[in-house]
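Readers should treat all values here as calculations from the given coordinates under stated rules, not as data from a laboratory. Only a predicted model underlies this, so the values are computations on that prediction, with no experimental measurement involved. As a convention, Cβ positions derive from the backbone with ideal geometry for all residues, glycine included, and neighbour counts pool all protein chains shown.
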There are 2 protein chains.
Amino acid sequence: MTFSLDDLAGPGPLPDQDARTRVLETAYRLFYRYGLRATGIDRIIAESGVAKMSFYRHFPSKQALIDAYLDLRHVRWMAWLEGRLAGLTSRDWLAALPDALDDWFGAPGFRGCAFINGHAEAGPDAPAMTVTHKRELAARIEQQCADAGLARPAEVAADLLLALEGAIVRAQMDGADVARGALHRLFARTLSAAGGERAWRSPER
Amino acid sequence: MTFSLDDLAGPGPLPDQDARTRVLETAYRLFYRYGLRATGIDRIIAESGVAKMSFYRHFPSKQALIDAYLDLRHVRWMAWLEGRLAGLTSRDWLAALPDALDDWFGAPGFRGCAFINGHAEAGPDAPAMTVTHKRELAARIEQQCADAGLARPAEVAADLLLALEGAIVRAQMDGADVARGALHRLFARTLSAAGGERAWRSPER
DNA sequence: ATGTTGACAGACAGACCTGTCTTGTTCAAG
DNA sequence: CTTGAACAAGACAGGTCTGTCTGTCAACAT
């Protein structure tokens, strides 16, 4: 199962889902848009049309809801990325990563990375998922580097991830346009340095 | 006037400064460490040993204090950077940027970029200084690229800034070590591609 | 000597926060 | 039909938030 950018943004009007789903989807939308601390339980309850006790039956605390939100965000984001790059060889997968990110940056409602933002807000005692998400993404990129036969796949993956994070922050603060070119150039340069003989070309799009 | 990393962290125990200074320095420390929303006015007032009315005489609202904090942070951070790289030629200045950042990442109490964090917390209506800071830093880097005679200084500066932002976020979330190598490699690769004939060597340190 | 200014201390209002509890309704399984 | 689970609506408690207000005191200028 894959996700489109719309799925990543979360469903719009909530149909006749059970209370837990409505709460989680509402939190998904509000937490990402307004931040964790700025979004109160009361608002989530009101907008999801759920009783307060129904909320506390499914989530023992706000922190538990935040954890569930980050888990869901991680699953959807990774699924979106895999779907966006499905069917590509590992070399093309890596080369197309900047294009996928561009799509995300330009999507309506884009407000940066939920895990970077959450970590920035919560500080050192941030939910573990903020760091876990980045580790899993790094592992995925490293795997593709190894599959592509690149030398020092761990180093290449670290370089690509760092560029990727920088692009997310730049796009969030200054707009998608300023991030696009720099991200593409850094990727091309890194892959070219790591790829050895064969040149990297931009697939599709 | 320049600032050391200690100055960047703010003064420790507050001497016999006037009320406004004590409030601002306390806010400087607490806002950076715990975030803007997590830091209440009451705590700032208590820790700065100031009456509430004295606070509101100098700052009409919490938002005004946040703005003043970001202004001060911008001035100190830029002054720290200039002091850290003072006396270098523009080529060496650019090549030494990753080393300066490393020093910052390893400093006690490092918790990422106050402007990235502030923007992540405040969302679209974030204080203008969060974006202004990045623009001024980009302009400074671009100027050094131009002085160094690099082709397409704006593009090179955008690439370096993106790598720099990525390194800040990586260091904040996963530790200074994971950011160090990748930042150095991306800088070396970018400067080498832009520098043309002459090779880039790491100055000093 | 007297008025002014700045600051400290703390009460207070009104809003919002998380989390608990009560009451009544719907619906489905036994 | 009864029983119990899930749910809606909302009062409530206890805390915290920003911002206002009243007093009191010391330094200082006139």
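Descriptive notes on the structure:
- Mean Cβ neighbour count within 10 Å, used as a protection proxy, ranking A:58-71, A:162-175 highest first: A:162-175, A:58-71
- Using the Cα coordinates of chain A, the gyration tensor eigenvalues translate into equivalent-ellipsoid semi-axes of 35, 16, 15 Å, sorted from longest to shortest.
- A crude spin-label estimate for the pair A:D6 and A:D103, with each label 7 Å from Cα along the Cβ direction, gives 1.4 nm.
- Shielding score for A:112-119, defined as the mean number of other chain Cβ atoms within 10 Å: 4
- For q = 0.11, 0.13, 0.17, 0.18 Å⁻¹, Debye-computed log10 I/I(0) when each Cα of the range B:85-205 counts as one equal scatterer: -0.38, -0.53, -0.88, -0.98
- Kirkwood hydrodynamic radius over Cα pairs of the protein assembly as shown, then Stokes diffusion coefficient at 10 °C and 1.306 mPa s, in µm²/s: 70
- Links that overshoot a 31 Å alpha carbon limit, given the list B:K52/B:K134; B:K62/B:K134; A:K134/B:K134; A:K62/A:K134: B:K52/B:K134
- Working from label points 7 Å from Cα in the Cα-to-Cβ sense, the B:I41 to B:D177 distance is 4.5 nm.
- The range B:17-57 and the range A:92-110: distance between their alpha carbon centers, rounded to Å: 41
- Taking the C-alpha atoms of the range B:97-165, convex hull volume expressed per residue in Å³: 88
- Shielding by partners - mean other protein chain Cβ count within 10 Å, residues of A:123-136: 2
- Once the chain from B:R152 to B:T132 is taken as fully extended at 0.36 nm per residue, the excess over their C-alpha distance is 5.0 nm.
- Alpha carbon Rg of the range A:1-68, scaled by the compact-globule rule 2.2 N^0.38 Å: 1.07
- All alpha carbon pair distances within the range B:17-114 were sorted into 5 Å bins beginning at 0; the resulting P(r) in whole percents reads 2, 12, 21, 19, 14, 11, 9, 7, 4, 1, 0.
- Per residue of A:154-160, other chain Cβ atoms within 10 Å of the residue Cβ number 4 on average.
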